[in-house]
């Protein structure tokens, strides 16, 4: 039986981060992946969806050239759009290949890993290996509502949608989370009639309400049919279409669509690991971990989607960096999610950091300060003719940033300065003191943070300033 200092189960973002980091320290590490290295992000998630979204943007803005006298005709060829997706995956796959990790010194096993005990892992029920420490990073997969399985309805998920053979004429998307909204907008721009539904009242329920309201208005203005507080009453599979009866605020709505995409949340990939053999406790949703990312069995750690914290590639990578040093060297580095940002890649993009305004008021009451600026007050957005959007920065009473949110062209990029400021405990006033080249989109940060100084100029302070200026003359 081969023995390793560290076994990593799962070759997604978190697992690859751990394997590469462990190899850098010169330890003996094994990496087990049942499919292909790269995980959901490379094959079904971040990479293909962003390539697909960019293709839909090209089509959308080409059509806008009609306003400049150009004539655009013809229908979108979905295979051309999906070729872009495959090309992007192929290019990035080179970085995550088995060969590249073997060169680092990682021994890669292809197969399903399951626990024999707290130190031994069996691969495909045949090969057993031993690990002093084990890190689980098996990710997540789409959660399918029972009604679709029960009624035998054909559907797509993010794992299959990028293998379409032809463009859907009409599409129902179940779920108004980030995946659902991003793909709804993309397919709508490619010419598909899109309907998207969710049970809840607020689209993107984790976002600040001001932000979610803006994206809803933008998507509806583009012709997307978006229904909140809506459930499926009946659904049946026909020969050439799927017939659905929806209940919306007590009223029935009947639809007939060609295809369905399910984006109704995720389930963590725990099944098949045989955690009970190692004594690892888990519920039906995730593997609980402590602040050091350890399970209840101290030599076994869990990172990424499977621990139920934040389902983002960059969070899995962050957790992987902590877990590898905690596991190998016995460090007690605590995980800290308070500075985790995320982006929803609709057009315009949505940026999220820290507390929403509602969350901030619930925790700190009315002592918080909110600095809000519409993007139609920023010259670069006006010049681009992309004025739709908003930036909102939330601070405590001392001016320290506790939340920041934006919706606007490229917001995921130009809001990164705020991530730095919050992480390293800069006050909002510091952001206004930076020099922003004119005209750039990040000037929105400068203008929004400048509101802090304007607020501090109270009637009393203005009178003192006026007295000083009169004396100084």
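Residues of the stretch 385-399 that are surrounded by 15 or more Cβ atoms within 10 Å (Cβ to Cβ) and free of Cβ contacts under 8 Å to residues at least 40 places away in the same chain: 386, 387, 396. Take residue 173 and decide whether it is buried (at least 24 other Cβ atoms within 10 Å of the Cβ), in contact with a helix residue (DSSP H, G or I) (Cβ under 8 Å, 6 or more places away or on another chain), under 15 Å from residue 229 (Cβ atoms) and in the same structural domain as residue 238 (by TED's automatic domain parsing). No: the conditions fail for residue 173. Taken together, 16, 31 contain a single residue that is assigned to a strand (DSSP E or B) and touching a residue at least 24 places away in the same chain (Cβ under 8 Å), which is 31. Restricting attention to the stretch 159-170, the residues being part of a helix (DSSP H, G or I) and either in the same structural domain as residue 42 (by TED's automatic domain parsing) or surrounded by 19 or more Cβ atoms within 10 Å (Cβ to Cβ) (or both) number 2. Could we say that residue 39 is crowded, with 18+ Cβ neighbours inside 10 Å and at pLDDT 90 or above here? Spelling it out, it is not the case that residue 39 is crowded, with 18+ Cβ neighbours inside 10 Å and at pLDDT 90 or above.
Within the stretch 381-398, the residues that satisfy the criterion of being farther than 15 Å from residue 357 by Cα and either touching a strand residue (DSSP E or B) at 6+ places or on another chain (Cβ under 9 Å) or not in a helix (DSSP H, G or I) (or both) are 381, 385, 386, 387, 388, 389, 398.
Residues in the stretch 145-158 that are surrounded by 14 or more Cβ atoms within 10 Å (Cβ to Cβ) and either part of a loop (DSSP other than H, G, I, E, B) or in contact with a helix residue (DSSP H, G or I) (Cβ under 6 Å, 6 or more places away or on another chain) (or both): 145, 153, 155, 157, 158.
Taking the stretch 132-141 as the range and being surrounded by 17 or more Cβ atoms within 10 Å (Cβ to Cβ) and farther than 30 Å from residue 159 by Cα as the test, only 133 passes.
Exactly one residue out of 26, 21 is assigned to a loop (DSSP other than H, G, I, E, B) and either in contact (Cβ under 8 Å) with a residue 40 or more places away in the chain or not assigned by TED's automatic domain parsing to the domain that holds residue 134 (or both): that is 26. Per the listing 197, 218, 211, 179, the residue uniquely touching a residue at least 40 places away in the same chain (Cβ under 8 Å), crowded, with 16+ Cβ neighbours inside 10 Å, more than 19 Å from the chain's Cα centre (by Cα) and closer than 19 Å to residue 351 by Cβ is 218. Condition (residue is over 27 Å from residue 268 (Cβ atoms) and modelled with pLDDT of 95 or more) applied to the stretch 194-204: is it met by at least one residue? Checking the stretch 194-204: at least one residue is over 27 Å from residue 268 (Cβ atoms) and modelled with pLDDT of 95 or more.
The values are calculated or read from the model by the stated rules, or taken from the named source; none is laboratory data. In this text, all values refer to a predicted model and were calculated from it rather than measured experimentally. We place every Cβ from the backbone using ideal geometry, glycine too, and count neighbours over all the protein chains shown.
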